[in-house]
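Written below as structure tokens is the structure these notes are about.
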Amino acid sequence: MAMTGERPVLVATEVNDVTADMVIAHINQRGVPVVRFNPADFGTDLTMSARFGIGPSLVTGQIRTPSRIVGLERVGAVYWRRPVWPLFEHLQDADAQFATAQVRYGLGGTLYGLQGCLWLNHPLRNAAADYKPTQLALAHRMGFSVPPTLVTNDPNEARRFIREHRQVIHKALRWTPYQRDGVGLTSWAEPVSAEELDETVRFTPHLFQARVDKVADLRVLIVGRRTFAVRIDSDLLDWRRDYSALTYSVVELPNRMEKTLLAYLDHFGLASGSFDLAVDRDGAFHWLELNPNGQWGWLEERTGLEMAAAFAQLLVEGSLAEGEADARA
């Protein structure tokens, strides 16, 4: 079915994404067309054509799924949620790597170049904001309390840091779908001692951080200019280890903190982001990290906060605003 009327919203995500379903349901209620696709379906259930240097539009063409056809020049907003790129497992390794790269740079490059539409968030801006050392430097510059942190591949330097700060944790610099012997492994924040370290530390950079004497964690989701702050209470160092052990309460951020978090997103050109902060015994906040595309669906279920509706509103109103701008032009 071809898209007519309102400028459609593209939703790029994996097949079983309940959180995306929540947002799409709200967009549907507003009567705005939605085209959902997954890059992994390229060549089977996903087809694209794009032309450049032809006519007044920078890019013309279309995206086609089994049920939708949308003109690229008509896209009003893009929700870049949890897309999966194809792996072409039926091909030999070299051929599969080549084919995957073509999809990333062909489909991805075309979409990334779309003009006049709202991105939530643009993948290239997500990527720029996803480096923990960059986050720490910016957080410190913007006045957040940042736990003393060391990034190094020098085991002697790491040992000195641990002995200096005594209670230190280790974090992965980047999450990956890591498996060992076919078993998926997740990297948690873990306590680390100087005696545990050996020469294998030299193979990659490691992040070591002084442990905050916290009493709770804070997850802050920002959507556009709307802020949702949830206090997470548990006895866990890393609350992601056991969601059944958590209790939640909705809190209101100090005005200055909210403005600083908004400015943090603005620095990277992000429309949304999920911040993690630690709360100490005096009620002070300590920076942990930003996830530019963090999970939030379970928080809506536990707290009743209307997060999905906020995403839908931003996508729809952003789409309409871009459409009105085109009409005025």
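Taken together, the values in this text are just the output of simple stated rules run on the coordinates, not laboratory data. Model, not experiment: these values are computed from the prediction. Please note: Cβ atoms are built from the backbone with ideal geometry, for glycine as well, and neighbour counts cover all protein chains shown.
Mind listing whichever residues of the stretch 205-236 are assigned to a loop (DSSP other than H, G, I, E, B) and either surrounded by 15 or more Cβ atoms within 10 Å (Cβ to Cβ) or among the basic types (Lys, Arg) (or both)? Outline the logic, then answer.
Narrowing the stretch 205-236 to residues assigned to a loop (DSSP other than H, G, I, E, B): 205, 211-213, 224-225, 234-236.
Those that are assigned to a loop (DSSP other than H, G, I, E, B) and either surrounded by 15 or more Cβ atoms within 10 Å (Cβ to Cβ) or among the basic types (Lys, Arg) (or both): Arg211, Val212, Gly224, Arg225, Ser234, Leu236.
Specify which of the listed residues (Val316, Val279) is among the β-branched types (Val, Ile, Thr) and under 22 Å from Val34 (Cβ atoms). Just a single option satisfies the conditions, and that option is Val316.
Against the definition (exposed (fewer than 13 other Cβ atoms within 10 Å of the Cβ), touching a residue at least 40 places away in the same chain (Cβ under 8 Å) and either over 28 Å from Gly273 (Cβ atoms) or polar (S, T, N, Q) (or both)), how does Ser49 come out, yes or no?
Details: exposed (fewer than 13 other Cβ atoms within 10 Å of the Cβ): yes; touching a residue at least 40 places away in the same chain (Cβ under 8 Å): no; either over 28 Å from Gly273 (Cβ atoms) or polar (S, T, N, Q) (or both): yes.
No.
Applying the criterion of being more than 19 Å from the chain's Cα centre (by Cα) and among the small types (Gly, Ala, Ser) to the residues of the stretch 271-308, the residue that is surrounded by the most Cβ atoms within 10 Å (Cβ to Cβ) is Ala278.
Kindly indicate whether any position in the stretch 11-23 is crowded, with 17+ Cβ neighbours inside 10 Å and over 18 Å from the mean Cα position of the chain (by Cα).
Step one: of the stretch 11-23, the residues crowded, with 17+ Cβ neighbours inside 10 Å are 11-13, 17, 19-20, 22-23.
Keeping just the survivors that are over 18 Å from the mean Cα position of the chain (by Cα) gives none.
No, the stretch 11-23 contains no residue that is crowded, with 17+ Cβ neighbours inside 10 Å and over 18 Å from the mean Cα position of the chain (by Cα).
Evaluate the following for Gln62: is it over 23 Å from Gly297 (Cα atoms) and either exposed (fewer than 14 other Cβ atoms within 10 Å of the Cβ) or among the aromatic types (Phe, Trp, Tyr) (or both)?
Working: over 23 Å from Gly297 (Cα atoms): yes; either exposed (fewer than 14 other Cβ atoms within 10 Å of the Cβ) or among the aromatic types (Phe, Trp, Tyr) (or both): no.
Taking the combined requirement at face value, the residue does not satisfy it.
If you go through the stretch 25-42 one residue at a time, how many are part of a helix (DSSP H, G or I) and either charged (D, E, K, R) or farther than 30 Å from Ala99 by Cα (or both)? Please lay out each step first, then the result.
Pass one, the stretch 25-42, residues part of a helix (DSSP H, G or I): 25-29, 39-41.
Next, only the ones that are either charged (D, E, K, R) or farther than 30 Å from Ala99 by Cα (or both) stay: 25-29, 41.
Residues meeting the conditions: 6.
Output yes when any residue across the stretch 74-88 is in contact with a Pro (Cβ under 9 Å, 6 or more places away or on another chain), in contact (Cβ under 8 Å) with a residue 12 or more places away in the chain, exposed (fewer than 13 other Cβ atoms within 10 Å of the Cβ) and in a loop (DSSP other than H, G, I, E, B), and no when none is. No; the residues of the stretch 74-88 include none that is in contact with a Pro (Cβ under 9 Å, 6 or more places away or on another chain), in contact (Cβ under 8 Å) with a residue 12 or more places away in the chain, exposed (fewer than 13 other Cβ atoms within 10 Å of the Cβ) and in a loop (DSSP other than H, G, I, E, B). Residues that are of a type in the set (A, V, I, L, M, F, W, C), under 27 Å from Ile169 (Cα atoms) and in contact (Cβ under 8 Å) with a residue 60 or more places away in the chain within the stretch 213-230 comprise Val215, Ala216, Leu218, Leu221, Val230, listed in sequence order. The residues of the stretch 200-226 include none that are closer than 21 Å to Ala284 by Cβ and of a type in the set (Ser, Thr, Tyr).
Annotation note: of Thr44, Thr13, the sole residue that is touching a residue at least 24 places away in the same chain (Cβ under 8 Å) and of a type in the set (Val, Ile, Thr) is Thr13.
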